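A.B. asks: This is the structure I want to talk about, given as structure tokens.
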Amino acid sequence: DGIVDCVEGASIELSKDNEALAVTTSDNFGDFKFDGLQDNSGKYQIKISGKDINSKVVDVELENSIYIGAISL
């Protein structure tokens, strides 16, 4: 309905080349992070899913620590 809000408790899965690498959960601000990734390690996929939200996959390319911005679900 045009309302912008953060999603707390969403499941966030990180994968590369169709192989799941890690899973985390978004915090009360909708933020999440994955530690231990090497700089310039290429393309990853982030899958966001959870109760009452449509799943979404976002492609990102890691150069160094990045902020991927707001993700609309």
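A.B. asks: The chain: which chymotrypsin sites (Phe, Trp or Tyr not before Pro) are DSSP loop and have at most 10 other beta-carbon atoms within 10 angstrom?
C.D. replies: Answer in residue order: PHE29, TYR67.
A.B. asks: Apply the Karplus curve 6.51 cos²θ - 1.76 cosθ + 1.60, θ = phi - 60°, to the phi angles in the range 33-48 and return the couplings in whole Hz, x for Gly and Pro.
C.D. replies: 8, 10, 9, x, 8, 7, 4, 6, 8, x, 8, 10, 10, 10, 9, 10
A.B. asks: With a 1.4 Å probe and every protein chain left in place, work out the accessible area per residue of the chain in Å², rounded to a whole number.
C.D. replies: 77 Å²
A.B. asks: While we're on this one: What's the longest piece of the chain with no exposed GluC sites (Glu not before Pro), counting a site as exposed if DSSP puts it in a loop and it has at most 13 other beta carbons within 10 Å?
C.D. replies: The answer is 9-62.
A.B. asks: So how strong a dipole does the chain carry about its Cα centre when Lys and Arg Cβ are +1 and Asp and Glu Cβ are -1, to the nearest 20 debye?
C.D. replies: With Lys and Arg at +1 and Asp and Glu at -1, about 160 debye.
A.B. asks: Let me ask another. On the accessible surface of the chain, probed at 1.4 Å, how many percent belong to carbon and sulfur atoms?
C.D. replies: C and S fraction of accessible area: 43 percent.
A.B. asks: Which net charge results for the neighbourhood of ALA10, defined as the other residues with beta-carbon distances under 13 angstrom from its beta-carbon, given Lys and Arg at +1 and Asp and Glu at -1?
C.D. replies: Once all neighbours under 13 Å are counted, the net charge is -3.
A.B. asks: In the range 1-65, which trypsin sites (Lys or Arg not before Pro) fall in coil by DSSP and have 15 or fewer other Cβ atoms within 10 Å?
C.D. replies: Sites meeting the loop and neighbour criteria: LYS33, LYS51.
A.B. asks: Same structure again: R0 = 25 Å: FRET efficiency of LEU73 with ASP17, Cβ-based, nearest 0.05?
C.D. replies: Efficiency computed from Cβ-Cβ geometry: 0.55.
The values are calculated or read from the model by the stated rules, or taken from the named source; none is laboratory data. Being a predicted model, the structure only gives us computed values, none of them experimental. When we count neighbours, we look across all protein chains shown, and the Cβ atoms used for this are built from the backbone with ideal geometry, even at glycine. Ligands, DNA and RNA are stripped out before the accessible areas are found, and what is left, the full protein with its side chains, is counted by its heavy atoms. Shrake-Rupley method; radii C 1.70, N 1.55, O 1.52, S 1.80 Å.
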